[in-house]
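Since the structure comes first, as structure tokens, the remarks are kept for the end.
Rule-based calculations on the coordinates, nothing more; no lab input. All values derive from a computational prediction rather than experimental measurement. Note: ideal-geometry Cβ built from the backbone for every residue, glycine included; neighbour counts use all protein chains shown.
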Amino acid sequence: MANEKNNIPIKIYLSEAELPKQWYNVKADMKEQHAPFLNPATLKPVTFEELCGIFITELVKQELNETDRYIDIPEEVLNFYKMVRPSPLVRATFLEKALGTPAKIYYKFEGNNTSGSHKLNSAIAQAYYAKEQGLTSITTETGAGQWGTALAMACSFFDIKLDVFMVKGSAMQKPDRVEVMKTYGAEVTPSPSMVTNVGRKISEEKPGTTGSLGCAISEAIEVCATRDKCKYALGSVLDYVLLHQSIIGLEVKTACEKYGIKPDIIIGCAGGGSNLGGLIGPFVGEKIQGKNDIRIIAVEPASCPSLTRGKYAYDFGDTGKITPLLKMYTIGNGFIPSPIHAGGLRFHGMSPIISKLYADGYIEATSVGQKEVFEAASLFSRTEGILPAPESAHAIRATIIEAEKCKETGEEKTIIFGLTGTGHFDMSAYRMYNSGEMVDSILTEEDLQKGFETIPKVD
Ligand SMILES: *Cc1c(COP(=O)(O)O)cnc(C)c1O
């Protein structure tokens, strides 16, 4: 690889011709695969046909593909990508200066589209394959609203009806997010709702609940099952979502090779693990092959610590226990995290791929508190100009911690982090921080234990 060039632009934009034409499937390079999904009724691996009952067929094929290192991006998807990609890799010089660190900090910015996050990378692919299959509608859930927004954009592009179950707490915090989805033609229902059996049941058991992603997933799947030519779409966690998000890491890798940038540390926030999986994909693939020794850090909220405090076990992806069982780091499907402002990180589990990479020691994990996250977000917005999403700010906080270590040791490390989105719809969260009303929720062992008790016993 070339040595680092002296003329690296502050903002590296690849050309349209440099846009990757294939996604990268990290599973082809993993020495061991994650455990298969299990059918909760039989505890046998879920079959292709069973998965096709819920999910779009081509996506199921991608989900189960362990051998093809590269998978072609369909032309229609590539053409859509050209409207919003390649996304820039930016040197955070002003943040470096403010920190007084010798570290070189870069961020990959995924917020430059109306949905405001990386979620669009997978949404457009999912809507495309739905259209190809002749489906007429899709159901989904959304936590913070970014996934619902991205899928609403994608579905309107391919003329597919979309129903979104949105975690009630988020819908109340961010009414404008709901309006964006409606503008793109989606129907939005706060969850738990009264329109599904599982929604009614959860509302009865936990009156006044602000909902959870796990609950919204149950509702979306239930509605999907009652309809013809309808499938359910998921915006994170699954292998095929990480596959689509690999476009992020492939672009970063191309930019690094072009300019001779050699990352020592790559940092990403982790909710369900999709942006992190996409960002690190091609790098961790090489790490597995012994070609690099990059430190990879997953950052999660202290209030929803699946990697750092969870159990590596088979669990449901949802509170209503209708999904297949996934072997992953989890704090329990019945765990309802406090309504922190990084709604996109409030999932009880973690991507099976990320879980496996973590269990096998290829990646590290850390957790950070809400207030330090917003402090980092404020510093970043003042120095770098971009108002980050609270989720993304978890990665910023962890980057600052690493950059401060470099200041102590004098090491000139190169750190790349994923800036997954903008926080324009999160002003109620910023308002809480600015007025000093924001609190950190401290999870006790007892709180965690309650969640662990909801993990099914499977050996
Ligand atoms: C959804 C979301 C996340 C977390 O989801 P992952 O699947 O872990 O990537 C992070 N940042 C933003 C802006 C999001 O919208």
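Mind jotting down the three principal axis lengths of segment 378-418 based on Cα atoms? Whole angstrom, largest first.
Dimensions of segment 378-418 along the principal axes of its Cα atoms: 30, 17, 13 Å.
Once every DSSP H run of n ≥ 4 in the chain is given -39500 (n - 2.57) and the sum is divided by its residues, what mean residue ellipticity at 222 nm do you get, rounded to the nearest 500 deg cm²/dmol? Provide the component values of the computation, followed by the final result.
On the way: 18 runs with 193 residues, N = 459.
It comes out at -12500 deg cm²/dmol, rounded to the nearest 500.
With 10 angstrom as the radius, rank PHE94, PHE347, PHE425 by how many other C-beta atoms surround their C-beta, starting from the fewest.
Numbers: PHE94 15, PHE347 27, PHE425 23.
Listed from fewest to most nearby Cβ atoms, that is PHE94, PHE425, PHE347.
Answer rounded, prolate or oblate for segment 99-222, using the Cα gyration tensor with square roots of eigenvalues a ≥ b ≥ c: rounded when a/c is under 1.5, else prolate when a/b is larger than b/c, else oblate. Intermediate results must be reported in sequence, preceding the final value.
On the way: a/c = 2.30, a/b = 1.27, b/c = 1.81.
Oblate.
Run the simple label-point estimate for ASN79 and ASN197 please: 7 Å along Cα→C-beta, distance reported in nm.
4.3 nm
Short version: what are the Cα gyration tensor semi-axes of segment 8-50, square root of 5 times each eigenvalue, largest first, in whole Å?
40, 13, 10
Between segment 208-222 and segment 224-264, what is the C-alpha centre distance in whole Å?
For segment 208-222 versus segment 224-264, the Cα centre distance is 24 Å.
Dipole of the chain (Lys/Arg Cβ +1, Asp/Glu Cβ -1, origin at the Cα centre): which of LEU89, CYS269, PRO352 lies farthest to the positive side?
Selected residue: LEU89.
To the nearest Å, what is the center-to-center distance of segment 10-72 and segment 126-153, using C-alpha atoms only?
17 Å
Figure the gain on full extension for ASN3 and LYS206 (residue separation times 0.36 nm, minus the Cα-Cα span) and round it to one decimal in nm. Intermediate results must be reported in sequence, preceding the final value.
On the way: separation 203, 0.36 × 203 = 73.08 nm, distance 5.84 nm.
The ASN3-LYS206 span can extend by a further 67.2 nm.
Any chance you could check the Cα centroid distance between segment 166-194 and segment 305-359 for me, in angstrom?
Answer, in whole Å: 23.
Pairs LYS31/LYS108; LYS44/LYS229; LYS97/LYS262; LYS5/LYS413; LYS119/LYS291; LYS5/LYS253: which exceed 23 Å Cα-Cα?
Numbers: LYS31/LYS108 28 Å; LYS44/LYS229 27 Å; LYS97/LYS262 20 Å; LYS5/LYS413 16 Å; LYS119/LYS291 29 Å; LYS5/LYS253 15 Å.
Result: LYS31/LYS108; LYS44/LYS229; LYS119/LYS291 exceed 23 Å.
Cβ under 11 Å from TRP147's Cβ, TRP147 left aside: what net charge do those residues give with Lys, Arg +1 and Asp, Glu -1? Display every interim value, and only then the final one.
Working: positive: LYS119, ARG177; negative: GLU141.
That sum, taken over residues with Cβ under 11 Å, equals +1.
Below 12 angstrom from the Cβ of GLU300, what's the summed charge of the other residues (Lys, Arg +1; Asp, Glu -1)?
Working: positive: ARG309, ARG346, ARG397; negative: GLU364, GLU391.
Charge balance in the 12 Å sphere: +1.
In Å and whole numbers, how far do the C-alpha atoms of segment 338-409 stretch along each principal axis, longest first?
Here the Cα extents, ordered largest to smallest, are 37, 36, 19 Å.
What three numbers, in Å, describe the spread of the alpha carbons of segment 182-236 along their principal axes, ordered from the longest?
For segment 182-236, the Cα spread along each principal axis is 32, 25, 22 Å.
Rounded to a whole number, what is D in µm²/s for the chain from Stokes-Einstein with the Kirkwood radius over alpha-carbon pairs (20 °C, 1.002 mPa s)? Don't jump to the answer; show the numbers that get you there.
Values: Rh = 21.8 Å.
Rounded, D is 98 µm²/s.
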